[in-house]
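Everything below concerns the one structure shown next.
No lab work stands behind these numbers, since they all come straight from the coordinates. None of these values were measured; they are calculated from a predicted model. Here the Cβ positions follow ideal geometry from the backbone for every residue, glycine too, while neighbour counts run over all protein chains shown.
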Number of protein chains: 2
Amino acid sequence: MKASEIRELLKWVTENVISFGGGMPDPSSFPIKDIMEITRDVLLARADKALQYGATGGVAELKEELIKFMGKVGIKVDGPESVIITVGSQEALDIIGRLFINPGDYVITESPTYLAALQAFRIYGPRIIGIPMDEEGLKVDILEETLKKISDDGKVKFVYVIPTGQNPTGITMSRERRKALLEVASRYDVLIIEDDPYGYIYFGDGESPDRLKAMDSEGRVIYLSTFSKIAAPGLRLGWVAASREVIRWFELAKQSIDLHTSTLNQYIAAELLKRGVIERNIPRIKEIYRTKRDLMLQALGEYMPDSVSWTKPSAGMFIWLTAPENIDTGEMLNVAIRKYGVAYVPGKSFYPNEERRNDMRLNFTYPTPQQIFEGIRRLSLAIREYIQ
Amino acid sequence: MKASEIRELLKWVTENVISFGGGMPDPSSFPIKDIMEITRDVLLARADKALQYGATGGVAELKEELIKFMGKVGIKVDGPESVIITVGSQEALDIIGRLFINPGDYVITESPTYLAALQAFRIYGPRIIGIPMDEEGLKVDILEETLKKISDDGKVKFVYVIPTGQNPTGITMSRERRKALLEVASRYDVLIIEDDPYGYIYFGDGESPDRLKAMDSEGRVIYLSTFSKIAAPGLRLGWVAASREVIRWFELAKQSIDLHTSTLNQYIAAELLKRGVIERNIPRIKEIYRTKRDLMLQALGEYMPDSVSWTKPSAGMFIWLTAPENIDTGEMLNVAIRKYGVAYVPGKSFYPNEERRNDMRLNFTYPTPQQIFEGIRRLSLAIREYIQ
């Protein structure tokens, strides 16, 4: 089953179907009242700027606030010229493809990895190599072997990773692995793209491991994050922190792609940071996510047969479920939806080049607690029907 | 002087410099109070949707409103699947390049034409051919000769035109020329890209000529427009109307570029249309633009030497000024800014392949009436210094 077919099938999901297929945050986490007040204040105080064309790089106030915000997690940024505001992180992924990938270039990702990153990169014709993961994240020893092998054959443009609460697996890369990754990247002189949509809402025990960008002493990391999970996806606001040179390339590309990101939304986001709304909202989001994750883990434990396993994420929005090898989750999806009334994303399309067909991605942030329990029960019935 | 150098020089423009260089609408034309009220109402009624991820094609309510809006100027659209919402028209231009241009393909534009369209297309490596214009717009006889010549050599992908209030010249294509353009395009079977940012605020005497899209019986026209001039550029909202097939391609491209356009802004725009704010605002915008155009024409008449000529636009935001042939407006810009305190965009970069250096683009919508008079006076001094 192709990705486009799955997308069509998921569109078919109706009210009677419980869907774990999306990747949407819980709407109760949106700071609605604050956005309402802020929008009014912004329009009262400076509508002439907030509704006007703006600079391609982004609104200065927002960049300043983001530099402070990143500073709190140890990311040092060399001034506003090292930050650009994008239309979500997706735009950053597309621009990365446009700037760095020539047809035939090697690109390395975790395996499995974020589907929409694969789609964005593939437009530009790279050879994508996936590196397997364990519970500590990307297997850096295998990355190194791979880099060794490839370096005779062609240029590796970058290693793309989602170190915290990875999409689709929910895995968080350990501190040791992060260090090792930076060392190997340095030794082979490759860029690292750190996609960090979930780092600010890490809900595991203790502290989240440091960002790669915070550990990077060589300017090797291009750091991506977004307001989609700490505020609201409907604003379509992401940002990139990198060297001034790289940000200048981003600006040139973005200028011909869409001139700039919505100024109104950028002013709203700047105030969300300035007034502490984001910082006050983060603990609440963590609590919502942690509770829903716990519920899904509990339901999985209660309903799933022993031959099924799954990850226990401490960040992100997804649990990665592995069914027995005889089950093709892509084939099963039709029956899961039409007979059992439950949907998910089959794992196959997240793999850049492995032929694994028995995994699936389950989103726990959007469905309600009742839907989580009932949906996992239904899913277990579908899996039991398919187990031979 | 390169486009990037000019951009750098224009950045240097300070408070003491009067700039006709931008392309910004008058901020007094923004419906600020309505946007404030609407945002509150949208967030009260359906924040769960307006702040959430949305469909790549756009918010259904907005597409329905746009179909009605376009219907009033005679554009018939075959349902919401024939419309897509973009991040301003600029994103549509980039996607057009991505979808239609392979390196070496021919693309035809007016000469001069919109700088940012040239930039967006050039990324994809086309051979761009500019067709000269007169006061009735694109010279269709020359277009036909060109198509005849080219058709042996390679594929012409599309003809890109801004028929109403063209950027940079301010020229509006006559009805006869529009008919002729559609006939020639049909005979040679090429697509037409109709970029229509200014059509809804035509401020000339009588009615604006019909849109190409409204005259098109063959589905040959891809129609682009934007909220930047009828509401506010800071929303970054544009739209495309075309065949379902073409819109489907747009959606696939946009999905990997930025997932979708800001849902919040789309709901705001839907309400701006639904509540009649746009329709009530349009006469006000026309009045502002007409008054400022008249002022600039008057100032030009008073101050410019006889050897200088300019267009008399009935739509758009620009007057195109032609200085005596010995003047290189790119070279003159430095002196105009530093010695006389006035800025403009040199004409050279608007030409896809002509080597004309004695034109400039003057924006009349953003500067104040005082600035228009004083700025034109200063500009006349600079030109007089350069006349030999």
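Along Cα→Cβ at 7 Å, what distances in nm separate the B:E15 label point from those on the other copies, shortest first?
6.0
Can you list the residues, at least 5 places off or on another chain, whose amide H is less than 5 Å from the amide H of A:I131, using H built in the peptide plane?
For A:I131, the qualifying residues are A:T109, A:E110, A:S111.
Kindly provide the helix-only [θ] at 222 nm of the protein assembly as shown, computed as the sum of -39,500 (n - 2.57) over DSSP H runs of four or more divided by all residues, to the nearest 500 deg cm²/dmol? Can you show the working numbers first?
On the way: 26 runs with 336 residues, N = 776.
Using -39500 (n - 2.57) per qualifying helix, the result is -13500 deg cm²/dmol.
Looking at region A:290-388, which trypsin sites (Lys or Arg not before Pro) are in a loop (DSSP not H, G, I, E or B) and have at most 16 other Cβ atoms within 10 Å?
On the way: sites: A:R290, A:K292, A:R293, A:R338, A:K339, A:K348, A:R356, A:R357, A:R361, A:R377, A:R378, A:R384; in loops: A:R356, A:R357.
For trypsin sites (Lys or Arg not before Pro) across region A:290-388 that sit outside H, G, I, E and B with at most 16 neighbouring Cβ atoms in 10 Å, the list reads A:R356.
Determine, at each q value in 0.07, 0.08 (inverse angstroms), the log₁₀ of I(q)/I(0) that the Debye formula gives when each Cα of the protein assembly as shown is one equal point scatterer.
The computed values of log10 I(q)/I(0) come out as -0.53, -0.69.
Could you state the orientation-averaged shadow area of the convex hull built on the Cα atoms of region A:175-277, in nm² to one decimal?
Quarter of the Cα hull surface area: 8.1 nm².
Using mean Cβ contacts within 10 Å as the protection proxy, how do B:39-49, B:317-327 order, highest first?
On the way: B:39-49: 17.2, B:317-327: 20.6.
So the order, starting with the most tightly packed, is B:317-327, B:39-49.
Cβ neighbours within 10 Å, averaged per peptide: list B:60-68, B:238-246 in order, most packed at the top.
Values: B:60-68: 18.7, B:238-246: 20.6.
Sorting B:60-68, B:238-246 by mean packing, highest first, produces B:238-246, B:60-68.
Could you run the Karplus curve 6.51 cos²θ - 1.76 cosθ + 1.60 with θ = phi - 60° over region B:145-155 and give me ³J(HN,Hα) per residue in whole Hz, x for Gly and Pro?
Running phi through 6.51 cos²θ - 1.76 cosθ + 1.60 with θ = phi - 60° gives 4, 5, 4, 4, 5, 5, 4, 6, 8, x, 7 Hz.
Ignore the peptide's own chain and count Cβ atoms of other chains within 10 Å of each Cβ in B:258-270; give me the average, rounded. Display every interim value, and only then the final one.
On the way: counts 16, 9, 6, 5, 12, 5, 11, 6, 2, 1, 2, 0, 0.
Going residue by residue through B:258-270 and averaging, the value is 6.
Once Lys and Arg get +1 and Asp and Glu get -1 on their Cβ, which of A:G234, A:P209, A:I192 lies farthest toward the positive end of the dipole of region A:182-234?
A:G234
Quick check: residue separation of A:D205 and A:E135 times 0.36 nm, minus the Cα distance between them. What number comes out in nm? Spell out each step's value before the answer.
On the way: separation 70, 0.36 × 70 = 25.20 nm, distance 1.56 nm.
Length gained between A:D205 and A:E135: 23.6 nm.
Quick one: putting +1 on the C-beta of Lys and Arg, -1 on the C-beta of Asp and Glu, what dipole do you get for region A:35-275 around its Cα centre, in Debye to the nearest 20? The partial results should precede the final answer.
Details: 30 positive and 35 negative charges, 89 e Å.
The dipole magnitude comes to about 420 debye.
Report the equivalent ellipsoid semi-axes for region A:35-275 in whole Å, largest first, defined as the square roots of five times the eigenvalues of the gyration tensor built from alpha carbon atoms. Display every interim value, and only then the final one.
Values: eigenvalues 196, 79, 44 Å².
For region A:35-275, the semi-axes come out at 31, 20, 15 Å.
Excluding same-chain pairs closer than 8 in sequence, count the lysine pairs in region A:121-279 whose Cα atoms lie under 22 Å apart.
Count of close lysine pairs: 16.
Measuring nothing but label to label, 7 Å from Cα along Cα→Cβ, what are B:V73's distances to the other copies in nm, shortest first?
Result for B:V73, in nm, nearest copy first: 4.4.
Within 10 Å of each Cβ in peptide B:228-237, how many partner chain Cβ atoms are there on average? Round it to a whole number, please. Could you put the intermediate results ahead of the total?
On the way: counts 4, 0, 0, 1, 9, 9, 17, 6, 12, 1.
Taking all residues of B:228-237 together, the mean is 6.
Could you name the aspartates and glutamates whose alpha carbon sits less than 14 Å from that of A:K286, not counting residues in the same chain fewer than 8 places away?
A:D26, A:D205, A:E207, A:D294
Using modelled backbone amide H atoms (1.01 Å from N, in-plane), which distant-in-sequence or interchain residues come within less than 5 Å of A:W310's amide H?
A:T322
Using Cα centres only, tell me the gap between region B:239-279 and region A:314-388 in whole Å.
32
Is there a simple number for the mean count of other chain Cβ atoms within 10 Å of the Cβ of residues in B:47-58, and what is it?
Values: counts 9, 6, 2, 7, 13, 11, 11, 3, 1, 0, 0, 0.
Across B:47-58, the average partner-chain Cβ count within 10 Å equals 5.
Choose one of B:I247, B:M317, B:S89: the residue whose Cα lies farthest towards the positive end of the charge dipole of the protein assembly as shown (beta-carbon charges +1 Lys, Arg; -1 Asp, Glu; about the Cα centre).
B:M317
State, to one decimal in nm and shortest first, how far the label point of A:D294 sits from each corresponding label point in the other identical copies (label point: 7 angstrom along Cα-to-Cβ).
7.1
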